[in-house]
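Structure first, then comments.
The values are calculated or read from the model by the stated rules, or taken from the named source; none is laboratory data. Note that the structure is a prediction, hence the values are computed from the model and not measured. When we count neighbours, we look across all protein chains shown, and the Cβ atoms used for this are built from the backbone with ideal geometry, even at glycine.
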Amino acid sequence: MLDLVFIRLVFIVFVGVASYVLQPFGLAKMEAAIAGSLIGLGVVLFEIRLRKVSLKQLIGAVIGSVLGILGAYLFSLVIRDSLAAGSTQRFLQLLVMLLMSYVGLIVGGSKGDLLNLAALGGVFGAETKARKSQKILDTSVIIDGRIADIAETGFLDGVIVIPQFVLRELQLVADSADSLKRNRGRRGLDVLAKLQKMANLNIQIVEDDFPAVREVDLKLIELGKLYEAKIMTNDFNLNKVAQLRGVEVLNINELANSLKPIVLPGEIMRVFILKEGKEYNQGVAYLDDGTMVVVDNARKMMGKNIDVSVTSVLQTTAGKMIFGKFDDRNASGAHARPVEAPKSVGAERKTPATPMTVEKVSET
């Protein structure tokens with residue numbers, strides 16, 4: 001990046017020195033140097049803007065300009081035969097050339113997205129592939145923080161695009177008077193710093209903005225259409241609106257739900273009963289990914305690890321819920337495990353102690 005800035009400065013200085021020595025348009029040396037430096041600066045600004053234009057728009061603009069110049073040449077022949085030679089004729093010829101070139105440039109650039117360069121293959125098809133691999137991060141997915149964990153696993157590839165207006169929104173959240181929002185914003189900044197330190201990621205911060213669009217979500221959609229990139233978000237509303245506008249979306253919540261373990265009715269799973277359920281004699285447990293497991297006949301097993309039989313699985317908009325059943329006939333064995341009293345061979349053949357008997361032994 002610094003090398004590019006240095007090259008641009010050298011170009012501006014070179015144009016200024018050349019104008020100082022050659023003195024074009026009969027200008028004095030200092031005036032020529034200033035004019036040359038301004039021309040060089042204008043060329044650099046045009047080059048910076050041109051770097052953000054897609055290959056389709058650039059080819060469309062070139063084709064439109066060439067067609068405009070050809071049309072202007074035909075018009076100039078008509079003007080030459082219609083008007084007497086003089087300043088009016090030369091002015092009209094110049095005006096028609098500028099007008100046709102400008103119209104061809106604007107129309108060709110705006111309609112360049114209709115070109116199907118991928119059909120030509122080679123370098124033309126490579127740009128579409130590179131654009132498709134770009135992913136734009138939303139504020140919500142940055143604050144969430146799981147994007148850093150996904151990146152560490154190596155499942156995230158391509159170019160990660162972070163718009164400048166997303167950084168501004170994140171900075172506003174970090175500077176909020178609300179302590180909760182402030183902590184969330186600072187966590188988002190820490191996540192960005194963590195992503196930038198990952199060697200396997202290509203992080204690009206872009207300056208593209210859409211002043212006519214006020215909402216950040218709509219700005220993201222417009223940027224996604226411009227870059228032909230995918231938007232990574234946790235926002236449900238942005239997910240739906242972007243899909244309606246033809247922009248692909250990667251939702252972290254949908255990814256998390258798809259990675260939850262698949263269980264079938266009849267399978268045995270071991271869970272830790274954490275609290276009581278809403279219904280009678282129910283216990284509630286949670287898997288490592290946060291999936292709720294509702295277990296019948298497990299209320300008295302709170303604080304213990306038990307084996308439950310899955311009865312059904314319910315998929316909701318909030319996530320997945322698993323329903324199971326605990327065989328309370330094994331409860332006596334579960335209570336009897338802590339008792340370390342020795343048993344004889346003959347005692348093992350006797351009828352097992354009832355739960356009441358086990359409770360008494362435990363108390364002693």
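Structural remarks
- Test: residue in segment 25-47 that is loosely packed, with under 15 Cβ neighbours inside 10 Å, under 40 Å from the mean Cα position of the chain (by Cα), over 30 Å from E228 (Cβ atoms) and of a type in the set (F, W, Y): no
- Test: D327 is at pLDDT 50 or above and in contact with a strand residue (DSSP E or B) (Cβ under 8 Å, 6 or more places away or on another chain): yes
- The single condition among (1) surrounded by 13 or more Cβ atoms within 10 Å (Cβ to Cβ); (2) hydrophobic (A, V, I, L, M, F, W, C); (3) in a loop (DSSP other than H, G, I, E, B) that V284 does not meet is (3).
- Within segment 60-75, the residues that satisfy the criterion of being surrounded by fewer than 18 Cβ atoms within 10 Å (Cβ to Cβ) and without any contact (Cβ under 8 Å) to a residue 40 or more places away in the chain are V66, I69, L70, G71, Y73, L74, F75.
- Per-region count, segment 76-93, residues without any contact (Cβ under 8 Å) to a residue 12 or more places away in the chain and closer than 30 Å to V15 by Cβ: 2
- Matching residues in segment 139-171 - criterion: being within 22 Å of K225 (Cβ to Cβ), surrounded by 14 or more Cβ atoms within 10 Å (Cβ to Cβ) and more than 14 Å from the chain's Cα centre (by Cα): E169
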